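Taking it in order: structure first as structure tokens, then the write-up.
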């Protein structure tokens with residue numbers, strides 16, 4: 001089993017967004033040293049506690065501070081942007097950091113209605129998502145579908161290898177798009193921890209069509225993770241996670257990720273308790289060996305050998321410790337090997 005990371009660049013209590021970005025770069029470097037396979041960053045808007053809102057910029061910073069680990073987006077909110085512009089951004093990243101760039105993209109707005117409107121205020125119409133994906137693939141490859149108005153157009157700069165595209169999904173509705181386009185498929189188990197994920201992965205594999213991007217299906221499952229040195233500490237991190245999440249998806253999100261101390265002193269309201277109960281399946285937590293065991297079970301359910309973890313734990317040191325602990329636990333069985341970069 002390979003481990004990868006999805007990073008929201010959390011802004012810890014008492015710190016600023018620039019501190020979050022510094023911590024993100026350091027975590028990426030530690031993940032590379034520990035042999036993790038990919039390091040993806042998110043795109044969220046209007047969420048002060050998670051600072052990553054421009055994956056391409058942050059990816060360039062991370063890739064320049066590392067040497068081997070694949071760097072990607074988890075993911076670009078494709079409906080908000082021109083498919084050509086996204087293709088150009090990722091072609092440029094691929095030119096700068098050859099054979100290391102992943103283009104993860106999804107169809108969620110990633111913001112509330114007002115912010116979504118601001119991101120799209122000059123658009124005259126909304127294109128179907130399948131059309132957006134088809135155009136993106138066409139601009140990356142230079143091969144558009146028959147009848148496309150963009151026939152013959154290709155995103156520059158041209159590169160020896162192409163960015164590796166992944167369709168991100170949380171319901172299974174986009175699995176067929178990923179399969180028909182021969183792209184990778186990442187399921188957000190941390191959003192929808194139901195049986196839809198494994199079913200979507202199976203449907204994707206069954207419908208997969210080989211292309212220049214990949215000759216075989218590529219499934220990644222992503223989940224929130226909290227790791228403690230003891231079960232008691234892991235439970236404390238889980239409490240902090242659920243407190244953050246109960247507000248992150250409400251009308252009153254926290255400006256910062258709550259600390260362990262804030263969480264211990266917090267008086268949980270009925271609405272927060274209800275949210276926690278609904279969200280229980282979105283987090284895997286425990287000591288490192290316990291977490292690795294649960295991640296292996298998750299990978300088996302999805303029929304994949306790659307799990308992407310999102311360490312929404314308060315404190316930079318806690319996240320660094322989690323990476324080290326998981327790598328050490330993995331090395332006692334199947335070692336996580338760093339990917340070999342082609343010359």
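Each value in this text was obtained by applying a stated rule to the coordinates, not by laboratory testing. Everything quoted here is computed from the prediction, not taken from an experiment. Note that each Cβ is placed from the backbone with ideal geometry, even for glycine, and that neighbours are counted across all protein chains shown.
Kirkwood hydrodynamic radius (Cα pairs, Å) of segment 67-124?
Result for segment 67-124, one decimal place: 12.7 Å.
Residue 252 to residue 18: extension gain in nm, 0.36 nm per residue of separation minus the Cα-Cα distance?
81.9 nm
Tilt of helix 270-279 relative to the longest C-alpha principal axis of the chain, in degrees (0 to 90, nearest 10)?
In the chain, helix 270-279 runs at an angle near 50 degrees to the longest axis.
Could you work out how far helix 288-302 tilts from the main Cα principal axis of the chain, as a 0 to 90 degree angle to the nearest 10?
Helix 288-302 sits at roughly 40 degrees to that axis.
Enter the per residue convex hull volume of segment 156-216, computed from alpha-carbon coordinates, in Å³ rounded to the nearest integer.
85
Nearest 0.05, what FRET efficiency do residue 230 and residue 194 give at R0 = 45 Å with Cβ-Cβ as r?
Computed FRET efficiency for residue 230 and residue 194: 0.90.
Using 0.36 nm per residue, how much length does the chain from residue 95 to residue 215 gain when fully extended, once their Cα-Cα distance is taken away?
40.9 nm
Multiply the residue gap between residue 328 and residue 202 by 0.36 nm, knock off their C-alpha separation, and tell me the result in nm, one decimal place.
Contour length minus Cα-Cα distance gives 42.3 nm.
How far is helix 17-33 tilted, in degrees, relative to the longest principal axis of the Cα atoms in the chain, given as a value from 0 to 90 rounded to the nearest 10?
80
With r as the distance between the Cβ atoms of residue 126 and residue 277 and R0 = 45 Å, compute the FRET efficiency 1/(1 + (r/R0)^6) and round to 0.05.
Taking R0 as 45 Å, the efficiency between residue 277 and residue 126 is 0.80.
I'd like the antiparallel share, as a percent to the nearest 5, of DSSP beta bridges with both residues in the chain.
Rounded to the nearest five, the antiparallel share is 5 percent.
Please arrange 186, 230 by how many other C-beta atoms lie within 10 Å of their C-beta, fewest to most.
Lowest count first: 230, 186.
In whole Å, how far is the Cα centre of segment 275-308 from that of segment 95-127?
28
Show me the three semi-axes of the equivalent ellipsoid for the chain, from the C-alpha gyration tensor (sqrt of 5 times each eigenvalue), largest first, rounded to whole Å.
For the chain, the semi-axes come out at 32, 23, 20 Å.
Going by average Cβ density within 10 Å per residue, which order do the peptides 157-166, 272-281, 122-131, 204-213 take, highest to lowest?
Final packing ranking: 157-166, 204-213, 272-281, 122-131.
Taking a point 7 angstrom from the Cα of residue 261 along the C-beta vector, which residues in segment 14-31 have backbone N less than 11 Å away?
14
Listing 177, 115, 86, 57 from the residue with the fewest other Cβ atoms within 10 Å to the one with the most, what is the order?
Ordered from fewest to most neighbouring Cβ atoms within 10 Å, 177, 115, 86, 57 come out as 57, 115, 177, 86.
So for the chain, averaging the separation of alpha carbon pairs under 8 Å that are six or more residues apart and normalising by length, what relative contact order in percent results?
Relative contact order of the chain: 21 percent.
For a footprinting-style exposure proxy, rank 305, 112, 218, 102 by other Cβ within 10 Å, fewest first.
112, 305, 218, 102
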